[in-house]
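Before any comments, here is the structure.
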Amino acid sequence: MEKGLKQFGQLINNKTFLVLFIRTLEEQKNFTMRDRCNVASLVMVALQGRMDYATDILKALLAQLIDRTVLESKNPKLLMRRTESVAEKMLTNWMSFMLYKFLRECAGEPLYMLFRAIKQQVEKGPVDTVTGEARYSLSEEKLIRQQIEYKILTVNVVGVDDSQPIPVKVLDCDTITQVKEKLLDAIYRSTPFSYRPHKDDVDLEWRQGRLGRLTLQDDDLTSKPEGEWKRINTLSHYQVPDGAIMALVPRQQTGYFNLSGFSGLSALSTKSLTKNPYGNGAADCMNVSSPGLSRFPGSPASRSTSPIITPDHMENGIKLWHLVKHHDQDMQREGDRGSKMVSEIYLTRLLATKGTLQKFVDDLFETIFSTAHRGSTLPLAIKYLFDFLDEQAERHAITDPSVIHTWKSNSLPLRFWINLIKNPNFVFDIYKSNTVDACLSVIAQTFMDSCSISDHRLGKDSPSSKLLYAKDIPQYKNWVNRYYQDIQAIPPISDQDMNAVLAEESRLHYNEYNTISALHELYSYANKYSEELLSLLEMDDTARKFKLAYKLEQVASTMAGEV
């Protein structure tokens, strides 16, 4: 099979064949969106050793896409608005390769700092583990409406290796799982998330004196239902005091507790606890050791971001709740819709959180929209891409600057950066909760609005996510406009200089990808649509000149013989 795949690899390295191959695939009705994304990624992997050739193919496909968009669409601004072609997905992958160094050395730090700032701000106040709603949030959808009383506690935690206690701030309204997460964050703050003990693999043990040890759980025999509801256990439920000694220990399967050293647990049945307390219930974290496509959506860091329990969770007919019962929440939301005053109160709380995070948002946006920032120069790939788009606009006699602006925004900020802002877990080995995700979505929306050429009229019915940054967006838009102008003013890059950059990119990551496997998957598409592909190859003059149809049939024979 390897001999046949090497022959197919030679065909893939023929520009005429590869362009016609991709055209054939895209003309098939059963060639799905997933197939388009898959083929684009496979082509980039197969050609990683020849990035100059991969770039030439990308330019050819983009030029064809622009031709179709300008001729067939009344609105050329729609170009690259969505990923509906192999070319658009290839562009995303190409940017992932070419901006890897810039991301690692420059933009990665402010992106990580923004994530950390959001996470810390959210965790300063109560977070409902069932709904994901928080006291401190940028998203109105993830904002706790009710007033939650809570106290800040400092607990001293001993790690799984019985290391020296570390003081950690927690809330008395935190669930036991939330406390475990905060303690693990403190102990393993410099360790990538996927290398840490998982919260479900450790138990939280409250220690008093030399002998008193009590394992705390979200749900145990001390959890008492109230009608159809049962509250998830918190530190307050166990009456944990400020300054308590906590330990994270490997999870046990059977419970043994020495409670002789404990006091102040009158509200709990310590007798029942002894039976069976278990219910059912920046650079160090970089995940981009190579710029491969597999380092993005499929990264091991993308563990579940769901709350531990869904709002409708039932346990033997009992509904579980943490800070707010679900029906109270729904009633509160219904009331909000008819009360402008209440909404304005919430907006004030959102603005307070926004003010805390403002510096981190500004730092990230400024880094992305600067041609020279803190010693880092503009990646040549961006200049090369933008010049290509300018040339294509000139070729089609497009003089409207808003069209060219939109093309550039759709090709880089809204295709590459927006994905990383909303999903920093694609780049870093971190855990992103639903609450943090909602905050990042608000910032991502602001980033999108900053790249838009249209003016957004705001009114009383505008979403809070747009009202929050309404005063900042004009400044951000100026940054974007200046960025595009500065890039245009840079002298053009010669093909020779660009090819040198591309050759270095291939050299740096040589042998990091399984090109034979990529060729094998690509061949499965060629084999599936062999009749249509052979027909197109026979019709094309250049393909006939190089006997590409005959060579493809030879590959098929070799593959069949080797199998």
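The values are calculated or read from the model by the stated rules, or taken from the named source; none is laboratory data. Owing to the predicted nature of the structure, the values given are computational and were not obtained by experimental measurement. No Cβ is skipped: glycine too gets one built from the backbone with ideal geometry, and neighbour counts run over all protein chains shown. Remember, those area values only see protein heavy atoms, side chains included, never the ligands or the DNA or RNA. Shrake-Rupley method; radii C 1.70, N 1.55, O 1.52, S 1.80 Å.
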Please determine, by comparing only the residues of the stretch 508-527 that are open to solvent by less than 40 Å² (accessible area, probe 1.4 Å) and either assigned to a helix (DSSP H, G or I) or modelled with pLDDT of 95 or more (or both), which one is nearest to Asn93 (Cα to Cα). Ala518
Over the stretch 460-472, the set of residues of a type in the set (A, V, I, L, M, F, W, C) and within 23 Å of the chain's Cα centre (by Cα) is Leu468
Candidate set: the stretch 99-153, residues that are among the aliphatic types (A, V, I, L, M) and part of a helix (DSSP H, G or I); chosen: the one nearest to Met246 (Cα to Cα): Val122
Which residues, counting only those in the stretch 528-555, are in a helix (DSSP H, G or I) and either basic (Lys, Arg) or open to solvent by 90 Å² or more (accessible area, probe 1.4 Å) (or both)? Lys528, Glu531, Glu538, Met539, Asp541, Arg544, Lys545, Tyr550, Lys551, Glu553
What pairs come out if I take residues in the stretch 385-400 that are farther than 13 Å from Asp67 by Cα and pair them with residues that are open to solvent by 20 Å² or more (accessible area, probe 1.4 Å) whose C-beta lies under 6 Å away, six or more apart or interchain? Asp387/Pro492
Condition check for Thr92: over 30 Å from Leu385 (Cβ atoms), buried (at least 20 other Cβ atoms within 10 Å of the Cβ) and not small (Gly, Ala, Ser): no
Scan the stretch 1-59 residue by residue and report those that are basic (Lys, Arg), touching an Asp or Glu at 6+ places or on another chain (Cβ under 8 Å) and surrounded by 16 or more Cβ atoms within 10 Å (Cβ to Cβ). Arg36
Report every pair of residues separated by at least 6 positions or lying on different chains whose Cβ atoms are under 7 Å apart, first residue within the stretch 130-149 and surrounded by 23 or more Cβ atoms within 10 Å (Cβ to Cβ), second of a type in the set (Phe, Trp, Tyr). Val130/Trp321
Members of the stretch 194-218 found to be outside any loop (DSSP other than H, G, I, E, B), of a type in the set (A, V, I, L, M, F, W, C) and over 29 Å from the mean Cα position of the chain (by Cα), listed by number: Leu204, Trp206, Leu214, Leu216
Just checking, which of Lys74, Lys119, Lys59, Lys101 is at pLDDT below 95 and either in contact with a helix residue (DSSP H, G or I) (Cβ under 9 Å, 6 or more places away or on another chain) or of a type in the set (A, V, I, L, M) (or both)? Lys101
Give the residue that is surrounded by the fewest Cβ atoms within 10 Å (Cβ to Cβ), with candidates limited to residues of the stretch 187-219 that are more than 17 Å from Val155 (Cα to Cα) and touching a Ser or Thr at 6+ places or on another chain (Cβ under 8 Å). Leu211
Among (1) outside any helix (DSSP H, G or I); (2) closer than 19 Å to Asn410 by Cβ; (3) under 30 Å from the mean Cα position of the chain (by Cα) - the single one Lys74 does not satisfy: (3)
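Tally up the residues in the stretch 322-367 that are at pLDDT below 85, in contact with a Leu (Cβ under 8 Å, 6 or more places away or on another chain) and hydrophobic (A, V, I, L, M, F, W, C), please.
Residues in the stretch 322-367 being at pLDDT below 85, in contact with a Leu (Cβ under 8 Å, 6 or more places away or on another chain) and hydrophobic (A, V, I, L, M, F, W, C): 1 in total.
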So which residues in the stretch 216-239 are hydrophobic (A, V, I, L, M, F, W, C) and over 21 Å from Asp201 (Cβ atoms), if there are any at all? Leu221, Trp229
Those residues that are under 20 Å from Lys325 (Cα atoms), assigned to a helix (DSSP H, G or I) and open to solvent by 10 Å² or more (accessible area, probe 1.4 Å), I need them from the stretch 154-186; list them, please. Thr177, Gln178
Any residue in the stretch 393-401 that is at pLDDT below 95, assigned to a helix (DSSP H, G or I), farther than 17 Å from Asn481 by Cβ and among the acidic types (Asp, Glu)? no
